[in-house]
Amino acid sequence: MQTIKATTVVAVRRGGKVAMGADGQVSMGDTVVKSTASKVRTLKEGSILAGFAGGVADAFTLFEKLEEKLERHPANLTRACVELAKEWRTDRYLRRLDALLTVADREGLFIVGGDGNVLEPDDEVAAIGSGGPYALAAARALKEHTDLPAVDVARRSLEIAAGICVYTNDRITVLELE
C-alpha cells in the first residue's frame, strides 16, 4: 500500500454508527497552501462516506469512478470497491492516479488503493495519509478504553494526529452515518 503525505483521514464504526473525518491542510512540499480543505464527503445520497489522501483531482476522478461502480452494484459496497480497485490497477490512465480512498457504509469499511488492494480492517477503524498512523493508534486506544461515540473518536484522534504530524492541521471535518 502506498504512503501519501500531506493529509489525515480516519474512519470509525461503533455502536451502529459510522464517522469519517479529515484535517483541512493542503501542502505542496513543505508549504501549507490551504488550511480549510474538505477531504471527506457523502456519496450515494448520504448512505456512504468517502475520504481521500493524495492528489485532489485524482481523488475526485476516483470518487466519480466509485459512484459508477455503486450504480452497477447498488447494494454492495464491497463489490463496488473491488471493481474500482481492479479498474484502477489495470486501466492505463487510472493507474497513474496518486491517491488513496477510505470508504464506509453501515456494513463495511475499506481502504482502496491503486495497487489493487481493498483492505477491510478487523477492528472497524481505518486511517490514511501521513498522519494516518497517529490517528489510527489514537482511534484504536479511544475505542478500546472509552465509551465515546464514533464521531467523537474520529474527531479526537484527528486532534491527536494534528499535534504530531506536520502535514495535519486542526481544521477538522467529521461526517457521520447513523
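The values are calculated or read from the model by the stated rules, or taken from the named source; none is laboratory data. These numbers come from a predicted model, not from an experiment. In this analysis, Cβ positions are derived from the backbone assuming ideal geometry, glycine residues included, and neighbour counts consider all displayed protein chains.
Below, the figures for the structure above:
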{"item": "Restricting the stretch 50-91 to residues that are modelled with pLDDT of 95 or more and of a type in the set (Val, Ile, Thr), the residue that is farthest from Leu109 (Cα to Cα)", "result": "Val82"}
{"item": "Any hit, the stretch 137-156, residues being touching a residue at least 60 places away in the same chain (Cβ under 8 Å), among the charged types (D, E, K, R), under 11 Å from Thr8 (Cα atoms) and touching a helix residue (DSSP H, G or I) at 6+ places or on another chain (Cβ under 7 Å)", "result": "no"}
{"item": "Filter result for the condition that a residue is in contact with a Gly (Cβ under 8 Å, 6 or more places away or on another chain) and closer than 19 Å to Gly132 by Cα, over Arg95, Arg89, Arg41, Arg106", "result": "Arg41"}
{"item": "Residue identified as farther than 21 Å from Lys17 by Cα, among the acidic types (Asp, Glu) and in contact with a strand residue (DSSP E or B) (Cβ under 8 Å, 6 or more places away or on another chain) among Asp105, Asp91, Asp115, Asp98", "result": "Asp98"}
{"item": "Yes/no for Val153 being more than 13 Å from the chain's Cα centre (by Cα) and buried (at least 24 other Cβ atoms within 10 Å of the Cβ)", "result": "yes"}
{"item": "Unique residue being of a type in the set (D, E, K, R), at pLDDT below 95 and loosely packed, with under 14 Cβ neighbours inside 10 Å when the list is Arg96, Arg106", "result": "Arg96"}
{"item": "Conditions (1) surrounded by 21 or more Cβ atoms within 10 Å (Cβ to Cβ); (2) within 13 Å of the chain's Cα centre (by Cα); (3) outside any helix (DSSP H, G or I): number failed by Cys165", "result": "(2)"}
{"item": "Matching residues in the stretch 115-158 - criterion: being among the hydroxyl-bearing types (Ser, Thr, Tyr), farther than 14 Å from Ala53 by Cα and not in a helix (DSSP H, G or I)", "result": "Thr146"}
{"item": "Test result for Tyr167, modelled with pLDDT of 95 or more, under 14 Å from Ala53 (Cβ atoms) and not aliphatic (A, V, I, L, M)", "result": "no"}
{"item": "Complete set of residues in the stretch 70-90 that are surrounded by fewer than 21 Cβ atoms within 10 Å (Cβ to Cβ) and touching a helix residue (DSSP H, G or I) at 6+ places or on another chain (Cβ under 7 Å)", "result": "His73, Glu83, Glu87, Arg89"}
